[in-house]
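Taking it in order: structure first as structure tokens, then the write-up.
The values are calculated or read from the model by the stated rules, or taken from the named source; none is laboratory data. Only a predicted model underlies this, so the values are computations on that prediction, with no experimental measurement involved. Cβ atoms come from the backbone with ideal geometry, glycine included; neighbour counts cover every protein chain shown. The accessibility values were calculated without ligands, DNA or RNA, using every heavy atom of the protein model including side chains. Shrake-Rupley method; radii C 1.70, N 1.55, O 1.52, S 1.80 Å.
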Amino acid sequence: MDNLFDVLQMVRFNHLAFDSSQVVITDVEGKPNGILTDLFRDVVNKVNLFIDLSEAHDAGDVVASLKAHTPLPSDVLDEYGKILREPLVGINFAPQKGQIELLVRG
């Protein structure tokens, strides 16, 4: 997995897409990044509501699909594209918290 789009494509819980509330984005030291977490959660919610992720091959496909199926403004879609292209450093599963920590560079 190279970026946060890949997480959307590959990570499942009990064969279902994950709930956005289960995701926290942190830096490599484990410090949560609330802004990136909120943005990624927003993208996940929109994807789950409006598009078929199996038809998307990259972040650009997700943005194009959201543009076609929602009235979201271009600046919001640009931010969605940026978060989906954010390089992924690692994943930490925290079952005791019911969370997935997505590690990105600070």
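Numbers at a glance
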| quantity | calculated |
| --- | --- |
| Estimated vicinal HN-Hα couplings, Hz - the stretch 83-93 in sequence order (Karplus 6.51, -1.76, 1.60; Gly, Pro = x) | 5, 5, 8, 4, x, 8, 8, x, 10, 10, 8 |
| Gain in span if fully extended, ASP38 to SER54, counting 0.36 nm per residue against the direct Cα distance | 3.4 nm |
| Amide hydrogen neighbours beyond the local backbone of ILE25, cut-off 5 Å, H modeled | ASN33, THR37, LEU102 |
| Under 17 Å from LYS31, Cα to Cα: aspartates and glutamates that are on another chain or at least 8 residues apart | GLU86, GLU101 |
| Euclidean distance of C-alpha centroids, the stretch 1-21 and the stretch 88-106, integer Å | 12 Å |
| Theoretical ellipticity at 222 nm over the chain - DSSP helices of four or more residues, -39500 (n - 2.57) apiece, nearest 500 | -13500 deg cm²/dmol |
| Accessible area in the full protein assembly, largest first, 1.4 Å probe, for ARG105, ARG41, ARG12 | ARG105, ARG12, ARG41 |
| Radius 14 Å from Cβ of SER65, net charge of other residues (Lys, Arg +1; Asp, Glu -1) | -2 |
| Fraction of accessible area attributable to carbon and sulfur, the chain (%, probe 1.4 Å) | 51 percent |
| Paramagnetic label zone (point 7 Å from Cα along Cα-to-C-beta, SER21; backbone N under 15 Å) in the stretch 76-106 | 97-100 |
| Cα centre as origin, Lys/Arg/Asp/Glu Cβ charges: the stretch 2-102 dipole, Debye | 260 debye |
| Rh by Kirkwood over Cα pairs, then Stokes-Einstein D for the stretch 2-102 at 1.002 mPa s and 20 °C, µm²/s | 155 µm²/s |
| Surface per residue (accessible, 1.4 Å probe) for the chain, Å² | 59 Å² |
| Anchor LYS46: lysines whose Cα lies under 23 Å away (excluding residues fewer than 8 positions away in-chain) | LYS67, LYS82 |
| Area of LYS31 that stays accessible when all protein chains are in place (1.4 Å probe, Å², to 10) | 140 Å² |
